[in-house]
Structures are given as C-alpha cells and as structure tokens.
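The next block holds one structure in the form of structure tokens; read it before the comments.
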Amino acid sequence: MKVVLFCGGLGTRIREYSESVPKPMIPVGHQPILWHVMNYYSQYGHRDFVICLGYKANVVKEFFLNYKPQAYADCVVSRFGSKVELLSEIKDDWRVSLIDTGIWRNIGQRLWAVREHVADEEMFLANYSDGLTDLNLDEAVDAFKKSGKVGCFVAIRPPLTYHLADIDTDGRVREFRSSDRSDIWINGGYFIFRREIFDYMREGEELVLEPFKRLIEADQLMAFKHEGFWRSMDTLRDRQILEDMVEQGNMPWRISHDLTDRPAAVVAGE
C-alpha cells in the first residue's frame, strides 16, 4: 500500500528547531523523525511514499536528493573517498513522491491535493509524520479490512498523566483518578483509508472534523486501540525522550534492531 505522509506544517510547538527545518526533519539520533516513520512502514513492506510538502519543502527534497546510505551504514572508504564499499546490504528501496501541497494548508487539504496519487489504491495508509509507535501494523490493517469501513485511526491513551475529577452538579466531588485509569482515547496520527474516503471530503476541510463527522454518521469510521508504545514529538521534551531512547538502543518502533539495515531512497516525483 502507498503511504501518505503529511510534512508541511509549521511545527510551532517545537519552534526552537522548526524555525530552521520542518518538524519531520528534526533529528532523532542520526536521522530525522521522518526517516524513522518511513522505516517503520518499510518493515511491514510498505515502501511507496507520497510526501505532502509545505513549510521549508526544499529541506525535505534535499534530504532525499542527496541521500547517501553510506553516511549511515558501516563502510570501507578508500582512494580518499572516491571508493566506498558498504559492509551491509541495502535491502529496501523506497519510492518517494515529493508533492508540494502549499504552506498554509491543513491536513485535509494536503490529502485532497494528492488524491490523484492514491486514486488506484484500494486502500492506503497516512501519517502525521511526527510520532513513533510499536503498533503491529499488520494486525491493524487486517482488522480494518475485515470491518469493511472506509476510515480507521489508531487510538492511543493520552501520553500525559493528569488527574480527572468526577464532580456532581452541586460541586460534590465523587472521585479523583489519574488519566491512565480513565477510558480516554485520542487520535494517534496513524490512519488507514479506502479510496472512498474522498467521497466524504470537501476541499478546504480539516480531515478529522467534517469528513470524520460524515464517516461517523454513516458508520464508516473505526478506531484501532493501541495500548503499547506511542510518542509524538510535539515539544523539546518529547524530542529529548526519543533521543535518549535511541542513544540507549531502546527503539520499540523497530521490528529489527539491526542498525545496519538501511533503506536506500529513490525520488519518484516533485
């Protein structure tokens, strides 16, 4: 399946980095978080990507146009750099379509702008490109196929811990409980769609608002609950947590932890 990645936002909540690079290009370890997201999908056999560009689109383009796998893999260099031998096989090729969808567009508008690139797909995947997870993608896709519905989002527990108060109308407090004991679920930014999703969309609409409301009314939206690891990179603290995990070799979003398994990139369009 093709994977649509939304990479055009301004990333205002992590402005310290996003003023110089777009949010998906902020590094986690030696690679941008976008690379980690793409590698996650690649591990499940989904290697055809449609990247929706916007803010600082040239930075993302340059990453793929100048991609050198030897910069991230074990290698032998001779003849003062003119000869490079990789010590590990580059197993996976990515096909990457780089589509400029504009700066001031929301997620729904970006998906609408690339609808022709997924028109031939019975189903396709989509992602906010700023979160990592150990979700078993095959299980989610299988559940979605069996549901027969048009749209699916991965639901996760809120990553922040806070206290919820159960209060009567007269102000009497019935209970205090932590958020991890509540039945609250939020959108994790991982989506699966059938191509009929565009029948529920109108140009200019935000994806999870009006289109999702129509899906709900038609009983065509499902949630796949995930209790495992998930973390988005919204703030500097989030980035530091992910950075520390990589430094410790703790990367639950990777099926194989062989760091020499690096995919090569092929640019398919602009």
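The values are calculated or read from the model by the stated rules, or taken from the named source; none is laboratory data. The structure presented is a predicted model; accordingly, all values stated were derived computationally and were not measured. We place every Cβ from the backbone using ideal geometry, glycine too, and count neighbours over all the protein chains shown.
One table, with the values for the structure above:
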| item | result |
| --- | --- |
| Residue among HIS46, HIS36 that is touching a residue at least 12 places away in the same chain (Cβ under 8 Å), crowded, with 17+ Cβ neighbours inside 10 Å, closer than 13 Å to TYR128 by Cα and not hydrophobic (A, V, I, L, M, F, W, C) | HIS36 |
| The one condition in (1) aliphatic (A, V, I, L, M); (2) outside any strand (DSSP E or B); (3) under 25 Å from PRO22 (Cβ atoms) that VAL141 fails to fulfil | (3) |
| Looking only at region 93-129, and only at residues there that are touching an Asp or Glu at 6+ places or on another chain (Cβ under 8 Å) and not in a strand (DSSP E or B), the one that is surrounded by the fewest Cβ atoms within 10 Å (Cβ to Cβ) | ASN106 |
| Sole exception among (1) farther than 30 Å from ASN250 by Cβ; (2) surrounded by 14 or more Cβ atoms within 10 Å (Cβ to Cβ); (3) at pLDDT below 90 for GLY81, by number | (2) |
| All positions within region 23-57 that are assigned to a helix (DSSP H, G or I), farther than 14 Å from TRP94 by Cβ and at pLDDT 90 or above | PRO24, MET25, ILE33, ALA57 |
| Matching residues in region 197-235 - criterion: being in a helix (DSSP H, G or I) and exposed (fewer than 14 other Cβ atoms within 10 Å of the Cβ) | ASP199, LYS213, ILE216, GLU217 |
| Residue among SER20, SER88 that is small (Gly, Ala, Ser), surrounded by 14 or more Cβ atoms within 10 Å (Cβ to Cβ) and modelled with pLDDT under 80 | SER88 |
| Of residues in region 130-150 being closer than 21 Å to GLU206 by Cα and among the charged types (D, E, K, R), the one surrounded by the most Cβ atoms within 10 Å (Cβ to Cβ) | ASP130 |
| Any chance ILE192 is surrounded by 14 or more Cβ atoms within 10 Å (Cβ to Cβ), at negative phi and part of a strand (DSSP E or B) | yes |
| Restricting region 58-78 to residues that are at pLDDT 85 or above and exposed (fewer than 15 other Cβ atoms within 10 Å of the Cβ), the residue that is nearest to LYS23 (Cα to Cα) | ASN58 |
